[in-house]
Amino acid sequence: MTVKVEKIEGGIPHTTILAAGLVAAVVCIYISYANTLTGTQYFSFFGGLGAIAALVWGSHTIKHLCSYGIGTGVPSAGMIAFGSGVIAMLFATKYGIAAPIVAVILAAIIGAIIGFLANNVLNMRIPVMIQSLTEMAIIGALVLMGYSAMMTGSFTFASMTSGTTIVMGLSLPSYQATLIGGGLIATVFMLGAIAVQHPFNACLGPSWTQDRMLMLAVECGFLSMITAAVMSMALIHMAPAVVSLVVAIIGWYYTFYRYIELSKRDAASWLDSKPIPELEGQ
Amino acid sequence: MAAIAAKPAAGAAVDMPSTIVGIIILLLVIAAAYFLVGPGLMFMALIGVIVGGLLIGFGVHFVPVGGAPAAMGQAPGIATGVAMLAAGAGLAGLFGGAWAAEMGVVVAVITGAIGGGLMMAITCMFVTFIYVFGMGIPSASGKVQKDPITGDTQTEFKSQGTEGHGLPFVSYVGGVIGGLLGGAGGTLIYIMLLDVYKDALPGMMKALPAQVLPIAVALAGMFAIGIFLVNAVLAAYNITGTIEGPHDPKFKRFPRALVASAVASAVCGIVAIMIVAL
């Protein structure tokens, strides 16, 4: 299966998207650390923006990998990305402020080993396999960490596993109403996995254009961010959660509008059909 | 044209040097785990994770995955990809097994296997209903002349220009076996990690065992889902997307998937265990 089915013409080269996505995701996740420095939670939404940067990079990596016709469908790439990413991300949260860096390094190691297994042991012989699966694991880890940082206000193991619950006016430590203890991370897993595989799955084909697919990736990211913002109301204060929600809704509306415009541009023939006119006298 | 005319490299051949490198990585990981945590609960958990990964990787080969051609009635199997099918069967099994986690490893793993097998049996039954009564196509295999189990001939029912269609009986049985193995493997990974976390988390987080139980359950569940998906997709890469069931010639490729599953499970498993050991 070394036949390349589709080719990338023009547009932004993959290495540029790789570098921009990686730097933007890590920087945005680190900006959410300002929560801890300033003692507020208003910087949480930067975690979601970091996740969206990683999702844009991820959709282009999937395009890069799946244009070789791997035969298993595009969603499988998203699943293996988050399957390997979640392991690196959960382990990295133990390292406090170094967590995003540890997540990137560990995900790269796990992804490279899985890429080697797929390419050499399973004999797939796809030139970009090892590089793509390495990138996918890093993307999975960064998206999960971004949305987790947005929902809990921090990216450390302690903030994801321990919270407080108020029972009859008393504030008690609680491990159940948290990102990991409450199982919300499973929702984040699927929100990210679907958002990373959907753009290429929806846009592939002869009429594929890069800007339309990347716009759809941003749109999917903001759509997932809306859900994550709603869930964050259970974990952080209401005001920062509403800030995240407003950012997500504005971002989603703008990117969805732009995506529809680009879809109309790329459609072979687009006709603004009106409702069937009712003729008088019938 | 040279690239298109070239022989597809993803054939049945086993790449021996790469396989040996894979086995060396596996042994290195097991040795590293032995030196880091010693021969205790955590080391046994890593072995359990590897066995679970092997069950998943082997089980996926039984599941009749048809993909897009099956949805158009041009190939036999269930009309979706491996990632969806294996995740469905494995997670159904995992939930079944997690419910029985308190009753010991054997009961939980068997319950998980039954959950996965039941999910696949129901899926295969309704897929057949839709194929036969909805799409109006009979079940016929394209890879064998006679069904290995029932002995029914296949070629008369196969439409020209297709690779067979519908869900032959042997594929149904293969689907159920795949669900049983996948459910058992997923549950085994979950139970092994849950035991480790229940043992180590109270000391690490300085809390009562009952308080950190939700954390232990969620962590073990997330790692089990992650390791499950990695193994399922690697096995899917091995069969290049579609397979009819245990009678398909592609089934013979399973040895290299076992190597890949064992290595991937070991690498993921040691990270999952080190989260409480380091």
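A short reminder: the numbers here are calculations on the coordinates, not readings from a lab. Everything quoted here is computed from the prediction, not taken from an experiment. So basically every Cβ, Gly included, is an ideal-geometry build from the backbone, and we count neighbours across all protein chains shown.
Have a look at A:VAL243, B:GLY142, A:GLY140 and report the one farthest towards the positive end of the charge dipole of the protein assembly as shown, computed about the Cα centre with Cβ charges (Lys/Arg +1, Asp/Glu -1). Farthest towards the positive pole: A:GLY140. GNM on chain A, alpha-carbon springs under 10 angstrom: the most fluctuating residue among A:VAL74, A:VAL243, A:VAL121 is A:VAL121. Taking the Cα centre of the protein assembly as shown as reference, the dipole from Cβ charges on Lys and Arg (+1) and Asp and Glu (-1) amounts to some 760 debye.
Of interest is the spacing of the C-alpha centroids, which for the range A:107-123 and the range A:138-200 amounts to 28 Å. For the residues of A:177-186, the average number of beta carbons from a partner chain within 10 Å of their own beta carbon is 4. The Cα atoms of the protein assembly as shown give a gyration tensor whose axes a ≥ b ≥ c have a/c of 1.5 or more with a/b no greater than b/c, which makes the shape oblate.
A simple spin-label model places pseudo-atoms 7 Å from Cα toward Cβ; at A:ARG125 and B:LEU36 they are separated by 3.6 nm. Which FRET efficiency, nearest 0.05, do B:MET204 and B:VAL14 yield, Cβ-Cβ r, R0 35 Å? Calculated value: 0.25.
Highest-first packing order for the peptide set A:182-192, B:112-122, A:141-151, B:234-244 is A:141-151, B:234-244, B:112-122, A:182-192, based on the mean count of other beta carbon atoms within 10 Å.
One compactness figure for the range A:35-145 is 1.15, namely its Cα radius of gyration divided by 2.2 N^0.38 Å.
Mind checking A:151-161 for the average number of partner chain beta-carbons within 10 Å of each residue's beta-carbon?
Values: counts 0, 0, 0, 0, 0, 0, 4, 1, 0, 2, 8.
Per residue, the average neighbour count from other chains is 1.
For chain A, the longest piece that avoids every one of the GluC sites (Glu not before Pro) found in DSSP loops with at most 10 other C-beta atoms within 10 Å covers A:10-277. For the range B:133-167 versus the range B:206-278, the spacing of their alpha-carbon centroids is 34 Å.
Set the Förster radius R0 to 25 Å, insert the Cβ-Cβ distance between B:LEU27 and A:ILE105 as r into 1/(1 + (r/R0)^6), and round the FRET efficiency to 0.05. Kindly include the intermediate steps, with their values, before the conclusion.
Working: r = 23 Å, r/R0 = 0.93.
Using R0 = 25 Å, I get an efficiency of 0.60.
Spin-label model, A:ILE250 to A:ILE97: label points 7 Å out along the Cα-to-beta-carbon direction sit 3.0 nm apart.
Each of A:VAL230, A:GLY163, B:ALA224 was scored by the projection of its Cα onto the charge dipole of the protein assembly as shown, and the greatest displacement toward the positive side belongs to B:ALA224; charges sit on the C-beta of Lys, Arg, Asp and Glu. Neighbouring Cβ atoms from other chains, within 10 Å of the Cβ of residues in B:219-226, number 6 on average. Averaging Cα coordinates gives a centre for the range A:69-99 and one for the range B:14-43; these two points are 21 Å apart. Normalised by the number of residues in chain A, the average gap of Cα pairs under 8 Å and 6 or more apart makes the relative contact order 21 percent.
Going through the range B:186-263, which trypsin sites (Lys or Arg not before Pro) have at most 15 other Cβ atoms within 10 Å and a DSSP loop state? Show your work: numbers first, answer last.
Numbers: sites: B:LYS198, B:LYS206, B:LYS250, B:LYS252, B:ARG253, B:ARG256; in loops: B:LYS206.
The qualifying sites are B:LYS206.
Find the percent of Cα-Cα distances in the range B:65-188 that exceed 24 Å, and round it to a whole number.
33
Using a cutoff of 8 angstrom between alpha carbon atoms and counting only pairs six or more residues apart, the relative contact order for the range A:150-236 works out to 33 percent.
The mean sequence distance of close C-alpha pairs (under 8 Å, at least 6 residues apart), as a share of the length of chain B, puts its relative contact order at 31 percent. Basic side chains Lys and Arg get +1 at the Cβ, acidic Asp and Glu get -1 at the Cβ, and with that the dipole of chain A about its Cα centre reaches some 540 debye.
When the Cα positions of B:LEU91, B:THR242, B:TYR172 are compared along the charge dipole of chain B, B:THR242 comes out farthest toward the positive end, with charges on each C-beta of Lys, Arg, Asp and Glu.
For A:ALA268 and A:THR38, the difference between the fully extended length at 0.36 nm per residue and the C-alpha to C-alpha distance is 77.6 nm. Each Lys and Arg contributes +1 and each Asp and Glu -1, all at the Cβ; summed about the Cα centre of the range B:78-182, the dipole is approximately 100 debye.
With a/c under 1.5 counting as rounded, go ahead and sort chain A into rounded, prolate or oblate using the C-alpha gyration tensor (a ≥ b ≥ c being the square roots of the eigenvalues; past the cut-off, prolate if a/b is larger than b/c, else oblate). Because a/c hits 1.5 or more and a/b fails to exceed b/c, chain A counts as oblate. Suppose R0 equals 45 Å. What FRET efficiency, 1/(1 + (r/R0)^6) with r the Cβ-Cβ distance, do A:SER207 and A:MET168 give to the nearest 0.05? That pair, A:SER207 with A:MET168, gives E of 0.15. Taking 7 Å steps out from each Cα toward its Cβ at A:ARG258 and B:LEU258 produces label points 5.2 nm apart.
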